[in-house]
Amino acid sequence: MPDRPSRVVRNTSTSVVTIERFIIEQEELHPGASGSLSGILYDLALAAKMIANKVRSAGLADIIGSAGASNIQGEVQQKLDVIANETIVKAMDHGGRLCGMASEEVDEIIPIPQGFKTGDYFLLFDPLDGSSNIDVNVPVGTIFSVLQKKGGPGPATLADALQPGSAQVAAGYVIYGSSTMLVYTTGTGVHGFTLDPLLGEFLLSHPDIRIPAQGRYLSVNDSYAQLWSDPVRALMARYRGLDGKREPMNVRYVGSMVADFHRNLLGGGVFAYPANAKSPKGKLRLLYECNPLAFICEQAGGAATDGQRRVLDVVPTELHQRTPIYIGSRDDVDAATAILAAN
Ligand code: AHM
Ligand code: MG
């Protein structure tokens, strides 16, 4: 993992800090930085604004589609997760900073198109996580992870994608909620920016986010309880205070990982998606869902485990690999490790 300068704590009370200004100031902490990583973060912020626009008018798509000329030939309205995927690919593929990309929406590695320069970084993303929630106006999100290319220059290979999460140089998410927020880390703390819709700018609103050591919230889909192993059931009983060893946590489950994670990051808590008898590897994807959130969580003082190992230590073997995950407040994740790893 590259050397990281110590955490930045800045006095933001007297100034408005745009994400551009913040990224430049962060870059100055890394002497010798080429500016490529900063460029990737700018481009992602732009893609996030474009996706936010689409998400905001999601409920109008049918009305506009049926009234507008664009749909005159009866084209089927594209699904928003496909649109989000294309938006990110188009925003990122010609900047000369990436050697390739991988997305939840695409089976194979996405190459940089012929004729464009390639760079030293590899981007993984989930363009619209929780997209089944779009129809009912529940928050959804984008998750991203940036790795350094392995080996020499040239187009990406699978080896560039299959790196453990501890090798990430940047990771972040965007939550399209009552406001749009972008939260990211480059290994010097976690910083959150809220989109000012009038200015069209992400402004620093949550500098140096820290997750409480013990949390109030438990986010898990209980409908799988019958399919869980006994140790997972024992852990959930612990979180609910049923074994008398802690105060019960409040259960909150949106069903959009970004939204659940974001609430727990700010308020303290744990998000769990355990393995179960029907999904022995869990549901969530290691490389572009779990690793980036694990990097952010650790940078905020929290932790993430698959029940046996630190998520960031898992050496991936497949692009779309799934993993169980327990992520959030350190003490609550330690409880998961103690109960699950012992069994
Ligand atoms: P998706 O990538 O297909 O949207 O699936 C991921 C989502 C997460 O956001 C969420 O935490 C989880 O699936 C919910 O799954 P379930 O309905 O099984 O609880
Ligand atoms: Mg997803």
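The values are calculated or read from the model by the stated rules, or taken from the named source; none is laboratory data. Keep in mind that this is a model prediction, so the values were computed, not measured. FYI the Cβ positions are ideal-geometry reconstructions off the backbone, even for glycines, and counts take in every protein chain you see. Just so you know, the surface numbers come from the protein's heavy atoms only, side chains and all, with ligands and any DNA or RNA stripped out. Shrake-Rupley method; radii C 1.70, N 1.55, O 1.52, S 1.80 Å.
Restricting the search to strands (runs of 3 or more DSSP E) fully inside segment 240-336 and requiring at least 2 residues that are closer than 30 Å to Met101 by Cα, more than 12 Å from ligand 1 (Cβ to nearest atom) and outside the structural domain of Ala167 (by TED's automatic domain parsing) gives 303-305, 325-328. Remark: pairs (first residue in segment 219-243, within 14 Å of Ala338 (Cβ to Cβ); second residue of a type in the set (A, V, I, L, M, F, W, C) and assigned to a helix (DSSP H, G or I); Cβ separation under 6 Å; 6+ apart in sequence or on different chains) = Pro231/Ile339; Pro231/Leu340; Ala234/Ile339; Leu235/Ala336; Leu235/Ile339; Arg238/Ala335; Asp243/Ala237.
In segment 110-123, which residue that is open to solvent by less than 40 Å² (accessible area, probe 1.4 Å) and touching a helix residue (DSSP H, G or I) at 6+ places or on another chain (Cβ under 8 Å) is farthest from Gln148 (Cα to Cα)? Show your work before the answer.
Filtering segment 110-123 for residues open to solvent by less than 40 Å² (accessible area, probe 1.4 Å) gives 110, 112, 119, 121-123.
Retained after the next criterion (residues that are touching a helix residue (DSSP H, G or I) at 6+ places or on another chain (Cβ under 8 Å)): 110, 119, 121-123.
On the way: Ile110: 16, Gly119: 9, Tyr121: 5, Phe122: 6, Leu123: 9 Å.
My answer is Ile110.
In segment 129-143, is there at least one residue being open to solvent by less than 40 Å² (accessible area, probe 1.4 Å) and either farther than 23 Å from Ile83 by Cβ or away from ligand 2 (no atom under 16 Å from the Cβ) (or both)? No. Of the set (1) open to solvent by 10 Å² or more (accessible area, probe 1.4 Å); (2) within 13 Å of ligand 2 (Cβ to nearest atom); (3) touching a residue at least 40 places away in the same chain (Cβ under 8 Å), all apply to Pro324 but (2).
How many residues are open to solvent by 70 Å² or more (accessible area, probe 1.4 Å) and in contact with a strand residue (DSSP E or B) (Cβ under 9 Å, 6 or more places away or on another chain) when one looks only at segment 225-257? The total comes to 5. None of Leu340, Leu293, Leu284 is within 16 Å of ligand 2 (Cβ to nearest atom), open to solvent by 10 Å² or more (accessible area, probe 1.4 Å) and in contact with a helix residue (DSSP H, G or I) (Cβ under 6 Å, 6 or more places away or on another chain) except Leu284.
Looking only at residues of segment 125-152 that are among the small types (Gly, Ala, Ser) and in a loop (DSSP other than H, G, I, E, B), we find that the one that is farthest from the chain's Cα centre (by Cα) is Gly152.
Please verify whether Val314 is closer than 25 Å to Arg210 by Cα, hydrophobic (A, V, I, L, M, F, W, C), open to solvent by 50 Å² or more (accessible area, probe 1.4 Å) and touching a helix residue (DSSP H, G or I) at 6+ places or on another chain (Cβ under 8 Å), treating the condition exactly as stated. Outline the logic, then answer.
Numbers: closer than 25 Å to Arg210 by Cα: yes; hydrophobic (A, V, I, L, M, F, W, C): yes; open to solvent by 50 Å² or more (accessible area, probe 1.4 Å): no; touching a helix residue (DSSP H, G or I) at 6+ places or on another chain (Cβ under 8 Å): yes.
Here the answer is no, as Val314 does not meet what is asked.
Among the residues of segment 162-194, the ones that are under 25 Å from Val136 (Cβ atoms) and in contact with a helix residue (DSSP H, G or I) (Cβ under 6 Å, 6 or more places away or on another chain) come to 6 in all. Counting only helices (runs of 4 or more DSSP H) that fall entirely inside segment 19-82 and contain at least 1 residues that are assigned by TED's automatic domain parsing to the domain that holds Gly200 and modelled with pLDDT of 90 or more, the qualifying elements are 19-27, 36-56.
Can you name the residue in segment 4-18 that is at pLDDT 85 or above and open to solvent by less than 60 Å² (accessible area, probe 1.4 Å) and is also farthest from Asp196 (Cα to Cα) among such residues? Give the derivation first.
The first filter runs over segment 4-18 and keeps only residues at pLDDT 85 or above, leaving 16-18.
Adding the requirement that they be open to solvent by less than 60 Å² (accessible area, probe 1.4 Å) leaves 17-18.
Working: Val17: 12, Thr18: 10 Å.
Once the filter is applied, the top-ranked residue is Val17.
On the stretch given as segment 153-212, residues that are part of a loop (DSSP other than H, G, I, E, B), under 14 Å from the mean Cα position of the chain (by Cα) and surrounded by 23 or more Cβ atoms within 10 Å (Cβ to Cβ) total 2.
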